[in-house]
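Peer 1: Can you keep this structure in mind? I'll have questions shortly.
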Number of protein chains: 2
Amino acid sequence: MRYIDEEAIEKIALGAAVLGTGGGGDPYIGKLVAKEAIRKYGPVALISLDELEDDQLVVPVSGMGAPSVTIEKIPSEIEFTAALDKLEEVLGRKVDVVMPIEIGGINSLTPIIAAAKKGLPLLDADAMGRAFPEAQMVTFHLDGLEPSPVTMADEKGNTVVLYPSDGVWSERLARVITIEMGGSASICDYSLLGKEVKQSAIPGTLTLAEKIGGFLLDNKGKEQQGIRKMLEELKGYQLFEAKITDIEHRLVGGFTRGSAQFEGINQAQGRSFTIHFQNEHLVAKEGEHILCSTPDLIAVLDEETGFPITTERMKYGARVVVVAFPCHDKWRTKKGIETVGPNYFGYDFDYRPVEELQKERR
Amino acid sequence: MRYIDEEAIEKIALGAAVLGTGGGGDPYIGKLVAKEAIRKYGPVALISLDELEDDQLVVPVSGMGAPSVTIEKIPSEIEFTAALDKLEEVLGRKVDVVMPIEIGGINSLTPIIAAAKKGLPLLDADAMGRAFPEAQMVTFHLDGLEPSPVTMADEKGNTVVLYPSDGVWSERLARVITIEMGGSASICDYSLLGKEVKQSAIPGTLTLAEKIGGFLLDNKGKEQQGIRKMLEELKGYQLFEAKITDIEHRLVGGFTRGSAQFEGINQAQGRSFTIHFQNEHLVAKEGEHILCSTPDLIAVLDEETGFPITTERMKYGARVVVVAFPCHDKWRTKKGIETVGPNYFGYDFDYRPVEELQKERR
């Protein structure tokens, strides 16, 4: 057990934006609210999966919605504890531990807000090891755990409890409620016992985000030294260096969907690249050649600072380094690929691990 | 207190289709399910508002969704009791009495299904005195009563509990859930105490529907004698006799919206009429002249049988009698007109009572 302070939040926010693979919402806003919550309520205790007791009630707390809306609609601490309070009421027992459902983007920080306000410990683990756009895209779903009951809250005082028949129905019902609530909402899904979480969650991911954020912060301006350390830590690859030449995104069905075009610079001069995204980056291509695809991670980093750029912050003319990392092994199983592989998102090619794709290119 | 038998259901279904003003779903399906429920579980006790005790828990049970979907997706008794069971769980007490939320269409019958299965008495009252398309269009809303908690269920095993901040948010959240559940869902909203219901509900409307249905059934084929008796009972007006020349409806935002064109026949020969609807008929016009508008009731009846025709059953070439009735006085208050008047539905004219509009025409 250790405590998360404001410095840790700075690093987690930055590292989580890398693991957010362009989505998960801009952590800048979540960082401000999380730091404010810690100043107000005191530091948050971070516990590891090993420290979790079998019969403790563990609840993921997150924000749902399109990142481009979250920018406009700053989440408040009240929203997050409203969903948590409703869950305690529904289950008739107190929550023991909160956790992030995903380590990517703003949702790595929202449970810190809830933990601070409720005085609860935070679990150093998540259920994606990255960010994904849909609610059933969690290791808990792969392991056959039930999302029900799901509680939701908005800033207008509305709360909702869903009892979906499975993870896919949870996503469908929660998504339309989120859209109707104005495009973003706070949500607690997959409240589980400690023993279930121990078997299914991806361990140590808040610490990992903090470490990556630390590399980038400590090596800022040092000729991409931060990026190199990060690639080493995550066993990742530099895909290309490029300039953004075109960027298109629109809000469809509660998601930010679109694509970005890139023109290579430095060693990649004369080559063209594309990234497709649905909240998160899904596919990076050079012409028709796949460089990396979901569930492996794609991150777009500022060439100068090495800091990650979320899909909705990508701007024409920006000079970037695009990197890729292998996803957690749970996503490379049959059910994992069915749930988050390229076919699920409507692409007609099969998933191949980024390591394999990169080996071919050499 | 008296018992509802199969014959009463036949009559209620017919009368409720008149009061449904074209919407509320085709009661034919509800009639079949309600009769089956009574055969299976025994007759349902019908109690009047006077017989209600102040501290009894009264729960409206209804189906939500576009009528054109309800035709395809036959509701089951399981769905209705699922919403009711969830409400009992949420409130931590047993329901004492069920009631229709609206007397129009299929929703006059759905509480019979739930009452039979649960062995509960049914209240001879509703919260509209007709059918309306949206959930906040109830006398309970006019009287400042809260819809929360709202329970919903579908045939796939999903249940949802909403805690909306008011009646309008209840409609918004329940509507998107209904659409996502496939276009129709069962819902329990505005669970209230007996004393609240006594002050706010419209009394005797199931008996009224049964009476109107009786007029039509008993006088079938007797040269519109049934229609005349109905007009007398409801203090209504015959607007015109006509042939349907055009009918357009589409599913928009979970509603069946559209309009029908009519060419006058008999005394109305040479004249043209229009009816606009959103699930229910909203406005009847001759050219630009308003004949009747919401919240007053407009019903389209088969010329030969006098039986009502719902919006989704209107067919090119059908010969019809179009009639109108004054709504309950609660709808003619300032808040009533704001909630269900022509302006709410996007029309740019002010509501005038059908009695007034008809007086001018003479």
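Peer 1: May I ask you to say which residue of A:Ala8, A:Ala17, A:Ala37 is farther than 30 Å from A:Val323 by Cβ, of a type in the set (Gly, Ala, Ser) and in the same structural domain as A:Gly92 (by TED's automatic domain parsing)?
Peer 2: Testing whether each residue is farther than 30 Å from A:Val323 by Cβ, of a type in the set (Gly, Ala, Ser) and in the same structural domain as A:Gly92 (by TED's automatic domain parsing) leaves just A:Ala37.
Peer 1: Same structure, new question: If we keep just the residues of segment A:118-167 that are of a type in the set (D, E, K, R) and under 27 Å from B:Leu173 (Cβ atoms), which is nearest to the chain's Cα centre (by Cα)?
Peer 2: A:Glu134
Peer 1: Within 14 Å of chain A (Cβ to nearest Cβ), under 27 Å from B:Ala13 (Cα atoms) and in contact (Cβ under 8 Å) with a residue 12 or more places away in the chain: is that true of B:Leu87 in this structure?
Peer 2: Here the answer is yes, as B:Leu87 does meet what is asked.
Peer 1: So for segment B:180-191 (the condition being at pLDDT 95 or above, more than 17 Å from the chain's Cα centre (by Cα) and of a type in the set (Ser, Thr, Tyr)), does at least one residue qualify?
Peer 2: yes
Peer 1: Out of all the residues in segment B:243-278, which are within 22 Å of B:Arg172 (Cβ to Cβ) and not aliphatic (A, V, I, L, M)?
Peer 2: B:Arg250, B:Gly253, B:Gly254, B:Phe255, B:Thr256, B:Arg257, B:Phe277, B:Gln278
Peer 1: Kindly indicate whether any position in segment B:54-68 is modelled with pLDDT under 95 and assigned to a helix (DSSP H, G or I).
Peer 2: Yes, the conditions are met somewhere in segment B:54-68.
Peer 1: Before we move on, is B:Ser148 within 28 Å of A:Lys86 (Cβ to Cβ) and polar (S, T, N, Q)?
Peer 2: yes
Peer 1: Then there is this: Output the residue which, of all residues in segment A:44-60 that are β-branched (Val, Ile, Thr) and in contact with a helix residue (DSSP H, G or I) (Cβ under 8 Å, 6 or more places away or on another chain), is nearest to A:Leu84 (Cα to Cα).
Peer 2: A:Val59
Peer 1: I've got another one for you. Only one of (1) in contact (Cβ under 8 Å) with a residue 40 or more places away in the chain; (2) of a type in the set (Val, Ile, Thr); (3) under 28 Å from B:Pro111 (Cα atoms) fails for B:Thr245. Which number is that?
Peer 2: Going through (1) in contact (Cβ under 8 Å) with a residue 40 or more places away in the chain; (2) of a type in the set (Val, Ile, Thr); (3) under 28 Å from B:Pro111 (Cα atoms) one by one, B:Thr245 breaks only (3).
Peer 1: Given the structure, is A:Val161 modelled with pLDDT of 95 or more, in contact with a Cys (Cβ under 8 Å, 6 or more places away or on another chain), under 30 Å from B:Gly167 (Cα atoms) and not acidic (Asp, Glu)?
Peer 2: Answer is no for this residue.
Peer 1: Please go through segment A:177-190 and pick out each residue that is within 11 Å of chain B (Cβ to nearest Cβ) and surrounded by fewer than 23 Cβ atoms within 10 Å (Cβ to Cβ).
Peer 2: Within segment A:177-190, A:Ile179, A:Glu180, A:Gly182 qualify.
Peer 1: Another question, if that's okay. Collect the residues in segment A:4-25 that are in a loop (DSSP other than H, G, I, E, B), touching a residue at least 60 places away in the same chain (Cβ under 8 Å) and out of contact with any Phe, Trp or Tyr (no Cβ under 8 Å at 6 or more places or on another chain), keeping them in residue-number order.
Peer 2: Answer for segment A:4-25, where residues must be in a loop (DSSP other than H, G, I, E, B), touching a residue at least 60 places away in the same chain (Cβ under 8 Å) and out of contact with any Phe, Trp or Tyr (no Cβ under 8 Å at 6 or more places or on another chain): A:Gly20, A:Thr21, A:Gly24, A:Gly25.
Peer 1: What is the number of the single condition among (1) part of a helix (DSSP H, G or I); (2) farther than 24 Å from B:Gln136 by Cα; (3) at pLDDT below 95 that B:Asp50 does not meet?
Peer 2: Evaluating B:Asp50 over (1) part of a helix (DSSP H, G or I); (2) farther than 24 Å from B:Gln136 by Cα; (3) at pLDDT below 95 leaves (3) as the failure.
Peer 1: Can you find a residue in segment B:197-218 that is within 14 Å of chain A (Cβ to nearest Cβ), farther than 17 Å from B:Thr21 by Cβ and within 21 Å of the chain's Cα centre (by Cα)?
Peer 2: Looking for residues that are within 14 Å of chain A (Cβ to nearest Cβ), farther than 17 Å from B:Thr21 by Cβ and within 21 Å of the chain's Cα centre (by Cα), one finds none in segment B:197-218, hence no.
Peer 1: Return the residue satisfying two criteria in turn: it lies in segment A:296-329 and is out of contact with any strand residue (DSSP E or B) (no Cβ under 7 Å at 6 or more places or on another chain) and touching a residue at least 12 places away in the same chain (Cβ under 8 Å), and of such residues it is nearest to A:Gln358 (Cα to Cα).
Peer 2: Looking at residues that are out of contact with any strand residue (DSSP E or B) (no Cβ under 7 Å at 6 or more places or on another chain) and touching a residue at least 12 places away in the same chain (Cβ under 8 Å), I get A:Pro326.
Peer 1: For segment B:294-303, indicate whether the set of residues that are under 16 Å from B:Val322 (Cα atoms), at pLDDT below 95 and assigned by TED's automatic domain parsing to the domain that holds B:Tyr347 is non-empty.
Peer 2: yes
Peer 1: In addition: Within segment B:22-46, count every residue that is modelled with pLDDT of 95 or more and buried (at least 20 other Cβ atoms within 10 Å of the Cβ).
Peer 2: Total satisfying the criteria: 2.
Peer 1: Still on this structure, I have one more. I'm trying to understand the selection: among the residues of segment B:131-176, which are on the phi > 0 side of the Ramachandran plot and more than 7 Å from every other protein chain (Cβ to nearest Cβ)?
Peer 2: B:Gly144
Peer 1: Could you give me the residue pairs with C-beta distances under 9 Å whose first residue belongs to segment A:269-281 and is crowded, with 16+ Cβ neighbours inside 10 Å, whose second residue is charged (D, E, K, R) and not in a strand (DSSP E or B) wherever it lies, and which are 6+ apart or on separate chains?
Peer 2: These pairs meet every condition: A:Gln278/A:Glu134; A:Asn279/A:Glu134; A:Glu280/A:Arg130.
Peer 1: Please specify each residue of segment A:155-188 satisfying the condition of being of a type outside the set (Val, Ile, Thr) and under 19 Å from A:Leu57 (Cβ atoms).
Peer 2: Hits for segment A:155-188 are A:Leu162, A:Tyr163, A:Ser170, A:Ser186, A:Cys188.
Peer 1: Being among the aliphatic types (A, V, I, L, M), closer than 28 Å to A:Arg332 by Cα and surrounded by fewer than 17 Cβ atoms within 10 Å (Cβ to Cβ) is true for just one of A:Leu206, A:Leu193. Which residue is that?
Peer 2: A:Leu193
The values are calculated or read from the model by the stated rules, or taken from the named source; none is laboratory data. Quick caveat, the model's predicted, so the values are computed rather than measured. Reconstructed Cβ throughout: ideal geometry from the backbone, glycine too, with neighbour counts over all protein chains shown.
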